[in-house]
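These notes concern the structure reproduced below.
The values are calculated or read from the model by the stated rules, or taken from the named source; none is laboratory data. Computed from a predicted structure; not experimentally measured. Here the Cβ positions follow ideal geometry from the backbone for every residue, glycine too, while neighbour counts run over all protein chains shown. Surface accessibility is based on the protein's heavy atoms, side chains included, excluding ligands, DNA and RNA. Shrake-Rupley method; radii C 1.70, N 1.55, O 1.52, S 1.80 Å.
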Amino acid sequence: MQRFPYAHATHPQWRMAAALALAQLRAQMALPGHASAPSLGLLYITDHYAGEAQDILACFSAELPEVTDWAGTVGVGIAANNAEYFDEPALAVMLCDLSPDQYRVFSGVAPLPAASTASGFVPHTALVHADAGTPDLAELIVEFADRTASGHVFGGLAGSRAESVQFALGSAGNLRGQGAASGVFFGGLSGVAFGPDVALISRVTQGAQPIDRERVITAVDGNLLLELDGEPALDVLLRELDLSLDHPQHLIETLRSTLVGLSEAPPPAPGAAPRRHARGQFGTDVTVRHVIGLDPGRRGVAVAAHPAPGTRLAFCERNVNAAKADLVRVCSEIREELETEAVGQGMDDLPEAPQPPRRIAGAVYVSCSGRGGPHFGAPSAELQIVRRALGDVPLVGFFAGGEIAHQQLYGYTGVLTVFTAPAT
C-alpha cells in the first residue's frame, strides 16, 4: 500500500478549485512512494458547492479515469491535513491505494452485498455517510454495523445548509431495475465497506467534560427526564448547577452550554461509590446530547434523546482544554499502536502477537460541526493538533451534523481513522 495522494482547494468557482486539486493529485501520483493508479477516491465538499455536486463528481471521474469508485459527502466545513475550510467554497480529495477486491462502495441502489454472495467479499468495517433526516437513523446504523464482521463502523452525517448530498459511485454495479446511477444521492446511508485485509485503526475523541457525578435515570417520559436516582430531575439540575427559576436569564445562559452524557453502563456494585468520570475522559460508551428544555410543572428536564430507565447520566459541558487533551490522547494511542504492536483487523482489536512497526498511508477525520477552529480557539487549530501528533500524513474529512463510531451516533466528538501499511 503506497501513500495516498490527497488535495484540497478553495475558490468561488468549483471548476477552479477542482483544477487546483487535480494538479496537486497528479503531482503526488508521480512521486516515488505514492500511489500512481489508485482506484478509490474520497470526495468531500462544503455546502457552498452542494448544488454543483453532480458536476464536481463528473469532473473528477473524467479527469481521473483510473479511479473507478468514489464516495464522500458534504459538510459545513471540510478538513485536509492541517487545514479547515469553514463557511467557504472548498473541496478535499484523497485517492486510496486499496485492492479492488478489498472494498465495496455502497448506497441505496448498490447495497452492501452479503458475505455469501458469489463475489466472496466479506465486509469487516465501513466508512458510513448518512443523511440526518433518515427515519430511525440510529437503529439503521446499528443494523448496518451488525452486517460487518467487526460490528464497528465509522463516519458521520452530512452537514449542510443546502442539499445533504452523498457521493457513491461504484464499479461493482447497482441493483437491477435501477438504471444508471449518477453517483450523487440524497437520504439513507452510503459509503465504503472494507475487507479484512485493509488494516485500520479508529478512535473517538470526546469534547465534553463532566461537571457532576453520574446518576441513574429512574423515571422518563420520551425525552423528558422525570427522576434521577429517585429525585425530581429538575431539582437535581438546579441544585447541582446552582441555578434558580427565579433568575431566568442566568438559567437560560447556563442551559445553553449544559449537556448530558448518557451511557448504558451497568450500575456500581452495592455499597460502591457513585462512578465519576475522569476530567475530560468520557469513554466511547457515552453519548453527549443537549438539554433542550425544562418542565417546571412535572419537575422534568428535556434532552435531545429518548433514554430508557436505567440509563446513566452525567451533566457535562463543552471544554476546550479537555477536548485538546483528549484529541492528543487518541493520536498518541494511534502512534503507539503503530510503533509497538500489530494492528488488529479493523477497529480496536487487540493484536495477537507483536509485528514490525507500521506507517500511516492515509487518514479520515470526521469532527462535529460545533468543533473545529472556532471551538479550539484559532483557524484550523483542531487539524493542526492532529498534524502535530500524527505527523504530515494524507488526511481528508468533514465537519458533520453527527459522528458515527462503533455502532453509535455521537455529538461533539471527533472520529479519527487511519489506514496503515508496513513501514518501509
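Quick notes on this one:
- When region 358-409 is limited to residues that are in a loop (DSSP other than H, G, I, E, B) and of a type in the set (A, V, I, L, M, F, W, C), the one that is nearest to VAL153 (Cα to Cα) turns out to be VAL393.
- Unique match (being open to solvent by 10 Å² or more (accessible area, probe 1.4 Å) and either out of contact with any strand residue (DSSP E or B) (no Cβ under 9 Å at 6 or more places or on another chain) or not hydroxyl-bearing (Ser, Thr, Tyr) (or both)) among PRO374, PRO394: PRO374
- Taking first residues from region 88-111 that are within 13 Å of SER190 (Cβ to Cβ) and touching a residue at least 40 places away in the same chain (Cβ under 8 Å) and partners that are polar (S, T, N, Q) and surrounded by fewer than 23 Cβ atoms within 10 Å (Cβ to Cβ), the Cβ contacts under 9 Å between residues at least 6 apart in sequence or on separate chains come to ARG104/SER119; VAL105/SER171; SER107/ASN174; GLY108/GLN178; VAL109/ASN174; VAL109/GLN178; ALA110/ASN174; ALA110/GLN178.
- Selection of region 227-246 for residues being open to solvent by 10 Å² or more (accessible area, probe 1.4 Å), part of a strand (DSSP E or B) and touching a residue at least 24 places away in the same chain (Cβ under 8 Å) yields only PRO232.
- When ALA37, ALA30 are checked against the criterion of being loosely packed, with under 15 Cβ neighbours inside 10 Å, without any contact (Cβ under 8 Å) to a residue 40 or more places away in the chain and under 19 Å from ALA71 (Cα atoms), ALA37 stands alone in meeting it.
- Matching option when the condition is in contact (Cβ under 8 Å) with a residue 60 or more places away in the chain, hydrophobic (A, V, I, L, M, F, W, C) and open to solvent by less than 10 Å² (accessible area, probe 1.4 Å), among LEU64, LEU57: LEU57
- Looking only at region 1-18, and only at residues there that are out of contact with any strand residue (DSSP E or B) (no Cβ under 6 Å at 6 or more places or on another chain) and under 22 Å from VAL393 (Cα atoms), the one that is surrounded by the most Cβ atoms within 10 Å (Cβ to Cβ): ALA18
- Just one of (1) closer than 21 Å to SER190 by Cβ; (2) small (Gly, Ala, Ser); (3) in contact with a helix residue (DSSP H, G or I) (Cβ under 8 Å, 6 or more places away or on another chain) fails for ALA9. It is (1).
- Any hit, region 207-226, residues being outside any strand (DSSP E or B), surrounded by 16 or more Cβ atoms within 10 Å (Cβ to Cβ), at pLDDT 95 or above and touching a Leu at 6+ places or on another chain (Cβ under 6 Å): no
- Residue match in region 148-170 (condition: open to solvent by less than 10 Å² (accessible area, probe 1.4 Å), in contact with a Pro (Cβ under 9 Å, 6 or more places away or on another chain) and either among the small types (Gly, Ala, Ser) or at pLDDT below 90 (or both)): no
- Hits in region 137-161 - residues which are over 23 Å from GLY75 (Cβ atoms) and either out of contact with any helix residue (DSSP H, G or I) (no Cβ under 8 Å at 6 or more places or on another chain) or not in a loop (DSSP other than H, G, I, E, B) (or both): GLU139, VAL142, GLU143, ASP146, ARG147, THR148, ALA149, SER150
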